[in-house]
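Notes to accompany the following structure.
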Amino acid sequence: IPTSVHRTDAEVIWGKLVRLSAVASLTAAFQEPLGAIRSDSEKRLLLEQAVREAALVASHDGVDIDPGKVIAQIESFPSRLTTSLQRDIAGSHSSEVESITGGVIRLANSYGIAVPAHVRLYEMIAGSSRHAAIVGERSVS
(Lines give C-alpha, C1' and ligand atoms only; values in the text may rest on other atoms or scores of the structure.)
Protein backbone atom coordinates (compact mmCIF):
# COMPACT_ATOMS: atom_id res chain seq x y z
CA ILE A 1 0.00 0.00 0.00
CA PRO A 2 1.55 3.30 -1.05
CA THR A 3 1.91 5.78 1.79
CA SER A 4 3.29 9.25 2.28
CA VAL A 5 4.37 11.26 5.28
CA HIS A 6 3.38 14.91 5.58
CA ARG A 7 5.04 17.43 7.86
CA THR A 8 1.89 19.39 8.69
CA ASP A 9 -1.89 19.06 8.81
CA ALA A 10 -2.06 21.82 6.20
CA GLU A 11 -0.16 19.61 3.74
CA VAL A 12 -2.67 16.81 4.24
CA ILE A 13 -5.66 19.12 3.85
CA TRP A 14 -4.29 20.95 0.81
CA GLY A 15 -3.15 17.68 -0.78
CA LYS A 16 -6.73 16.45 -0.65
CA LEU A 17 -8.36 19.78 -1.56
CA VAL A 18 -6.24 20.35 -4.67
CA ARG A 19 -7.26 16.93 -5.97
CA LEU A 20 -10.87 17.11 -4.76
CA SER A 21 -11.61 20.62 -6.01
CA ALA A 22 -10.63 19.55 -9.53
CA VAL A 23 -12.20 16.08 -9.65
CA ALA A 24 -15.39 16.81 -7.72
CA SER A 25 -16.00 20.14 -9.43
CA LEU A 26 -15.62 18.72 -12.94
CA THR A 27 -17.65 15.57 -12.33
CA ALA A 28 -20.40 17.70 -10.76
CA ALA A 29 -20.33 20.42 -13.42
CA PHE A 30 -20.46 18.01 -16.36
CA GLN A 31 -22.34 15.15 -14.65
CA GLU A 32 -19.91 12.63 -16.12
CA PRO A 33 -17.54 10.09 -14.60
CA LEU A 34 -13.87 10.97 -14.42
CA GLY A 35 -12.93 8.85 -17.44
CA ALA A 36 -15.21 10.84 -19.74
CA ILE A 37 -13.64 14.06 -18.46
CA ARG A 38 -10.08 12.81 -18.91
CA SER A 39 -10.81 11.63 -22.45
CA ASP A 40 -12.31 14.95 -23.63
CA SER A 41 -9.50 17.35 -24.51
CA GLU A 42 -11.31 20.53 -23.40
CA LYS A 43 -12.50 19.04 -20.13
CA ARG A 44 -9.07 17.57 -19.48
CA LEU A 45 -7.48 20.99 -19.90
CA LEU A 46 -10.02 22.43 -17.48
CA LEU A 47 -9.21 19.64 -15.01
CA GLU A 48 -5.49 20.39 -15.25
CA GLN A 49 -6.12 24.13 -14.92
CA ALA A 50 -8.22 23.55 -11.79
CA VAL A 51 -5.39 21.50 -10.27
CA ARG A 52 -2.83 24.22 -11.08
CA GLU A 53 -5.09 26.95 -9.67
CA ALA A 54 -5.71 25.14 -6.39
CA ALA A 55 -1.98 24.36 -6.06
CA LEU A 56 -1.23 28.07 -6.55
CA VAL A 57 -3.69 29.00 -3.80
CA ALA A 58 -2.10 26.35 -1.56
CA SER A 59 1.33 27.87 -2.18
CA HIS A 60 0.05 31.27 -1.06
CA ASP A 61 -1.23 29.50 2.04
CA GLY A 62 2.27 28.17 2.72
CA VAL A 63 1.90 24.67 1.29
CA ASP A 64 3.77 23.50 -1.81
CA ILE A 65 1.78 21.04 -3.90
CA ASP A 66 3.21 19.68 -7.15
CA PRO A 67 0.40 19.91 -9.74
CA GLY A 68 2.11 17.26 -11.88
CA LYS A 69 1.97 14.74 -9.05
CA VAL A 70 -1.68 15.52 -8.40
CA ILE A 71 -2.51 15.08 -12.09
CA ALA A 72 -0.64 11.75 -12.04
CA GLN A 73 -2.73 10.68 -9.02
CA ILE A 74 -5.92 11.64 -10.86
CA GLU A 75 -4.75 9.59 -13.84
CA SER A 76 -4.57 6.52 -11.58
CA PHE A 77 -8.21 6.84 -10.50
CA PRO A 78 -10.78 4.52 -12.08
CA SER A 79 -12.51 5.80 -15.22
CA ARG A 80 -15.93 5.08 -13.69
CA LEU A 81 -15.20 7.27 -10.65
CA THR A 82 -18.01 9.61 -9.64
CA THR A 83 -18.08 11.95 -6.66
CA SER A 84 -20.51 12.68 -3.87
CA LEU A 85 -20.68 16.30 -5.05
CA GLN A 86 -21.73 15.06 -8.48
CA ARG A 87 -24.41 12.80 -7.00
CA ASP A 88 -25.68 15.52 -4.66
CA ILE A 89 -26.02 18.01 -7.52
CA ALA A 90 -27.72 15.42 -9.73
CA GLY A 91 -30.21 14.66 -6.96
CA SER A 92 -30.78 18.33 -6.06
CA HIS A 93 -29.50 17.64 -2.55
CA SER A 94 -27.44 19.86 -0.28
CA SER A 95 -23.84 19.72 -1.39
CA GLU A 96 -20.34 20.72 -0.44
CA VAL A 97 -19.87 23.05 -3.43
CA GLU A 98 -19.46 26.00 -1.03
CA SER A 99 -16.70 24.22 0.89
CA ILE A 100 -14.90 22.64 -2.05
CA THR A 101 -15.12 24.85 -5.13
CA GLY A 102 -16.31 27.93 -3.26
CA GLY A 103 -13.63 27.49 -0.61
CA VAL A 104 -10.85 27.65 -3.21
CA ILE A 105 -12.46 30.74 -4.77
CA ARG A 106 -12.82 32.56 -1.43
CA LEU A 107 -9.23 31.89 -0.42
CA ALA A 108 -7.98 32.86 -3.90
CA ASN A 109 -9.93 36.12 -3.56
CA SER A 110 -8.24 36.81 -0.23
CA TYR A 111 -4.83 36.44 -1.91
CA GLY A 112 -5.83 38.32 -5.06
CA ILE A 113 -5.32 35.23 -7.23
CA ALA A 114 -7.34 34.61 -10.39
CA VAL A 115 -8.95 31.16 -10.48
CA PRO A 116 -11.06 31.26 -13.66
CA ALA A 117 -11.47 27.48 -13.92
CA HIS A 118 -12.89 27.29 -10.41
CA VAL A 119 -15.18 30.26 -11.02
CA ARG A 120 -16.47 28.69 -14.25
CA LEU A 121 -17.06 25.35 -12.55
CA TYR A 122 -18.71 27.00 -9.55
CA GLU A 123 -21.07 28.90 -11.82
CA MET A 124 -21.90 25.70 -13.74
CA ILE A 125 -22.58 23.79 -10.53
CA ALA A 126 -24.39 26.45 -8.55
CA GLY A 127 -26.52 27.87 -11.34
CA SER A 128 -28.82 29.56 -8.87
CA SER A 129 -29.05 33.00 -7.30
CA ARG A 130 -28.58 31.63 -3.79
CA HIS A 131 -24.94 30.92 -4.67
CA ALA A 132 -24.29 34.32 -6.22
CA ALA A 133 -22.52 35.73 -3.14
CA ILE A 134 -19.16 34.10 -3.77
CA VAL A 135 -19.14 34.68 -7.49
CA GLY A 136 -20.39 38.23 -7.02
CA GLU A 137 -17.65 39.07 -4.55
CA ARG A 138 -14.83 37.63 -6.60
CA SER A 139 -12.08 40.06 -7.40
CA VAL A 140 -10.52 37.63 -9.82
CA SER A 141 -11.32 38.06 -13.47
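The values are calculated or read from the model by the stated rules, or taken from the named source; none is laboratory data. Note that the structure is a prediction, hence the values are computed from the model and not measured. Note that each Cβ is placed from the backbone with ideal geometry, even for glycine, and that neighbours are counted across all protein chains shown. Quick note on the areas: whole protein, heavy atoms, side chains included, nothing else; ligands and nucleic acids left out. Shrake-Rupley method; radii C 1.70, N 1.55, O 1.52, S 1.80 Å.
Overview of values
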| read-out | value |
| --- | --- |
| For PRO33, net neighbour charge (Lys/Arg +1, Asp/Glu -1) across residues whose Cβ lies under 15 Å away | +2 |
| Segment LYS16-SER79, extension gain: residue separation times 0.36 nm, minus the distance between their alpha carbons | 20.8 nm |
| Nearest-10 value in Å² for the accessible area of VAL63, using the 1.4 Å probe | 10 Å² |
| Region 21-97 shape via C-alpha gyration tensor axes, a/c threshold 1.5 | oblate |
| HN-Hα J in Hz across region 12-21 - Karplus 6.51, -1.76, 1.60, θ = phi - 60°, x for Gly and Pro | 5, 5, 5, x, 6, 5, 4, 5, 5, 5 |
| Rounded accessible area of HIS93 (nearest 10 Å², 1.4 Å probe) | 110 Å² |
| Fully extended contour minus Cα-Cα distance, from ARG44 to LYS69, at 0.36 nm per residue | 7.5 nm |
| Reference-scaled alpha-carbon Rg (2.2 N^0.38 Å with N residues) for the chain | 1.00 |
| Charge context of ARG80, other residues only, Cβ under 15 angstrom, K/R +1, D/E -1 | 0 |
| Percent RCO, i.e. relative contact order, over the chain, from Cα pairs under 8 Å lying at least 6 residues apart | 29 percent |
| Charge tally in the Cβ shell below 12 Å around VAL63, where Lys, Arg are +1 and Asp, Glu are -1, VAL63 excluded | -3 |
| Accessible surface, 1.4 Å probe, highest first, among residues ARG7, ARG52, ARG106, ARG19 | ARG7, ARG52, ARG106, ARG19 |
| Value of [θ]222 nm, deg cm²/dmol, for the chain, DSSP H segments ≥ 4, -39500 (n - 2.57) each, nearest 500 | -20500 deg cm²/dmol |
| Accessible surface, the chain, averaged per residue in Å² (probe 1.4 Å) | 54 Å² |
